[in-house]
1. For the stretch 162-173, does any single residue satisfy the condition of being open to solvent by less than 20 Å² (accessible area, probe 1.4 Å) and in a strand (DSSP E or B)?
2. With the requirement that a residue be farther than 18 Å from Thr220 by Cβ, outside any helix (DSSP H, G or I) and touching a residue at least 24 places away in the same chain (Cβ under 8 Å), what does the stretch 45-68 give you?
3. Looking at the stretch 129-152, is at least one residue touching a Cys at 6+ places or on another chain (Cβ under 8 Å) and either of a type in the set (Asp, Glu) or assigned to a strand (DSSP E or B) (or both)?
4. Filter the stretch 340-385 for residues that are under 15 Å from Ile315 (Cβ atoms) and among the hydrophobic types (A, V, I, L, M, F, W, C) and give the result.
5. Checking the condition open to solvent by 40 Å² or more (accessible area, probe 1.4 Å), β-branched (Val, Ile, Thr) and out of contact with any Gly (no Cβ under 6 Å at 6 or more places or on another chain), which residue from Val181, Val198, Val223 passes?
6. Assess whether Asp334 counts as being closer than 30 Å to Glu376 by Cβ and surrounded by 16 or more Cβ atoms within 10 Å (Cβ to Cβ).
7. In the stretch 353-370, what residues are assigned to a strand (DSSP E or B) and surrounded by 18 or more Cβ atoms within 10 Å (Cβ to Cβ)?
8. Within the stretch 311-331, which residues are more than 20 Å from the chain's Cα centre (by Cα) and either at pLDDT below 95 or open to solvent by 30 Å² or more (accessible area, probe 1.4 Å) (or both)?
Amino acid sequence: MSSAQVKPSLGWLIDPIEKKAFFEQYWERQPLVVKRNQKDYFASLLSLDELDRAITTFNLSYPNITLKNAAKEITAADYTVRGALDVSAVYRLFREGSTIVLAFLDNVIPTLTSLCRGLESELCFPLQTNAYVTPPAAKGAKHHYDTHDVFVLQVVGSKHWTIYGTPVELPLRGQDFDAAVHERGAPSMEFELEAGDVAYIPRGVVHDAWSSDDVSMHITLGVLAYTWADLLLEFVAEAALHDSAFRNALTPGFGREEFDRTKAKELLQDLLERLSAKSSLDGVLDRFTDQWIAACPPLLRGQMEQIGLVEELKIDSVLGARRDVVSFIRMEADSGTIYSYGKKISFPQHAVEAARFAVKKSRFVVTELPGDLDEEGKLTLLRRLVREGLVVVLEV
């Protein structure tokens, strides 16, 4: 089933692999390759013509567009003029064997925005997409690992991939690959990605790829995961704000040879116990949730028309949750609040059940809203949700 027929999701991306099997066997553990023999599986996400349009008409510039060639060094000066992209130079270098890389395309290509929002709503991590177009029999990047997990979606042509070792298991974002420091390791896996196929490569796994006899285009879907290290840092920061013991200076003289570290170890143990006792997991997870929501701007295509339909709503109108919006409902004592990109929308407790239904259900009639709202209350709620871009009118 192509992306034009379904809402992009993790299940769709890795089909026929089940999500449960993916998380238990592959996620952060080992690469996964899904072969489909369906060349058009990702065709609606991006085409070579759309990529050419982005390069030539979107006014993108370095470093949103870069060129890479494993055989020789390419610098920005080779394809820019006073900071602006020299499109003719870009395509000349492409013909000579360089790969064109377009970063953050989910910011400008709606189908890729939708792809990211669909998976973000499941994973609760921000995602980003890059596109790589490589001429025949060429290699863009030398062997390396990434500091984020990636899904590789082969859209056009094919590429031969080689997987090597894992010199740094699950590296942090600052632990970039350094060929002078990190061993590549022996090849452990080789595979050919053809149009419609997908691969998952965990962060830290060294890899490289060559295009075959035709032009290759693939999309990388990068998962910018929050880690337990991130959470622990937030724990310490929260504790330091509320407990002065974390703000005390280290014992004067700690760096001298004669310093007795026994007392310092006791103090550290006391701080760790305070950290466990005083920090709130709920509070820290709420902040990560807010951070995730803030990183996922909605795709509000058609909102001008939607605003015009608001006053025409009737009790038998048909609506549905907007597809490309990430939201979260947080309950308070006597109300509920929907958190979405750049906004907080609060409702009295008796309207929360209906609001939750409306932002989750893909298609419904106004009368189907659950809870205790009367007809006018249901219409008032839905008008608000349409204006805020969370719900769309399907049939007046």
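The values are calculated or read from the model by the stated rules, or taken from the named source; none is laboratory data. If you're wondering where the values come from, they're calculated on a predicted model, not measured in any experiment. Positions of Cβ are generated from backbone atoms using ideal geometry, with glycine treated the same way; all protein chains shown enter the neighbour counts. These area figures cover heavy atoms from the full protein model, side chains too; ligands, DNA and RNA do not enter into them. Shrake-Rupley method; radii C 1.70, N 1.55, O 1.52, S 1.80 Å.
1. Yes, there is a match, as at least one residue in the stretch 162-173 is open to solvent by less than 20 Å² (accessible area, probe 1.4 Å) and in a strand (DSSP E or B).
2. Hits for the stretch 45-68 are Phe58, Ser61.
3. Checking the stretch 129-152: at least one residue is touching a Cys at 6+ places or on another chain (Cβ under 8 Å) and either of a type in the set (Asp, Glu) or assigned to a strand (DSSP E or B) (or both).
4. Scanning the stretch 340-385 gives Ala354, Ala358, Phe364, Val365, Val366, Leu369, Leu373, Leu379, Leu381, Leu382.
5. Val181
6. no
7. Phe364
8. Once the filter is applied, which keeps residues that are more than 20 Å from the chain's Cα centre (by Cα) and either at pLDDT below 95 or open to solvent by 30 Å² or more (accessible area, probe 1.4 Å) (or both), the stretch 311-331 yields Glu311, Glu312, Lys314, Ile315, Asp316, Ile329, Arg330, Met331.
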